[in-house]
Amino acid sequence: MIKIDLPRSLPKVELNDNYESIQPGAQIVVMGYPAVSPNEVQVTNSVDPHNAGKVAETIPQPTISDGNVGQVLRNGSNNNGDEGTYSTIGDYYQLQLGTTGGGNSGGPVFDDQGKVIGIFTLSNGTGADATIRFAVPIRYGMELMGISVNGK
């Protein structure tokens with residue numbers, strides 16, 4: 001998490017921390033800065049009086065990738081600790097999309113209503129193997145930000 005000071009306020013995005021509304025097949029959009037994307041360079045005149053001339057700066061450009069939720073992995077959603085179904089990797093949304101990768105981590109995952117449901121986290125698979133991507137549910141980001149989760 002990072003905090004950014006901006007010269008003006010930006011509209012807030014809504015967060016959707018509702019497991020029941022997120023089902024396999026649900027449409028999603030991921031924003032991020034994948035490392036495989038080409039860079040854009042902005043050239044401007046220097047404002048430094050001791051270093052006149054042109055200055056070139058790399059400008060990161062976010063990408064937008066659409067796909068769907070392939071699977072909702074839960075770590076014992078309604079368990080009392082004795083019985084139940086548990087994910088071997090914890091709470092995650094498995095994402096079905098092919099244009100994300102390193103650099104997307106930490107980017108928002110939006111539902112079809114434009115609400116953030118998760119944070120792009122990891123992928124596995126190399127070479128010719130299928131790559132599966134995952135997002136942690138937004139509740140974990142909310143906890144990091146000190147936002148109440150389900151009234152707690």
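For the reader, a short list of remarks on this structure follows.
- Look at region 46-66: where a residue is among the β-branched types (Val, Ile, Thr) and a partner is loosely packed, with under 10 Cβ neighbours inside 10 Å and not in a strand (DSSP E or B), sitting 6+ places away or on another chain with Cβ atoms under 6 Å, you get Thr58/Asn39.
- Residues that are at pLDDT 85 or above and open to solvent by 50 Å² or more (accessible area, probe 1.4 Å), drawn from region 59-72: Ile64, Asp66, Gln71
- Any hit, region 41-53, residues being surrounded by 15 or more Cβ atoms within 10 Å (Cβ to Cβ), in a loop (DSSP other than H, G, I, E, B) and modelled with pLDDT under 90: no
- Among the candidates Thr99, Thr63, Thr44, the residue that is over 16 Å from the mean Cα position of the chain (by Cα) and β-branched (Val, Ile, Thr) is uniquely Thr44.
- Looking only at residues of region 74-117 that are part of a strand (DSSP E or B) and modelled with pLDDT under 90, we find that the one that is nearest to Ser37 (Cα to Cα) is Asn75.
- Scanning region 2-40 for residues that are touching a Ser or Thr at 6+ places or on another chain (Cβ under 8 Å) and either at pLDDT 90 or above or assigned to a strand (DSSP E or B) (or both) gives Val29, Val30, Met31, Gly32, Glu40.
- Filtered residues of region 118-140 (kept if modelled with pLDDT of 90 or more and either part of a loop (DSSP other than H, G, I, E, B) or small (Gly, Ala, Ser) (or both)): Gly118, Ala135
- When the residues of region 37-78 are filtered to those that are of a type outside the set (Ser, Thr, Tyr) and touching a Gly at 6+ places or on another chain (Cβ under 6 Å), the one that is farthest from Asp111 (Cα to Cα) is Gly76.
The values are calculated or read from the model by the stated rules, or taken from the named source; none is laboratory data. Being a predicted model, the structure only gives us computed values, none of them experimental. In this analysis, Cβ positions are derived from the backbone assuming ideal geometry, glycine residues included, and neighbour counts consider all displayed protein chains. Areas reflect the complete protein model, heavy atoms only, side chains present, ligands, DNA and RNA absent. Shrake-Rupley method; radii C 1.70, N 1.55, O 1.52, S 1.80 Å.
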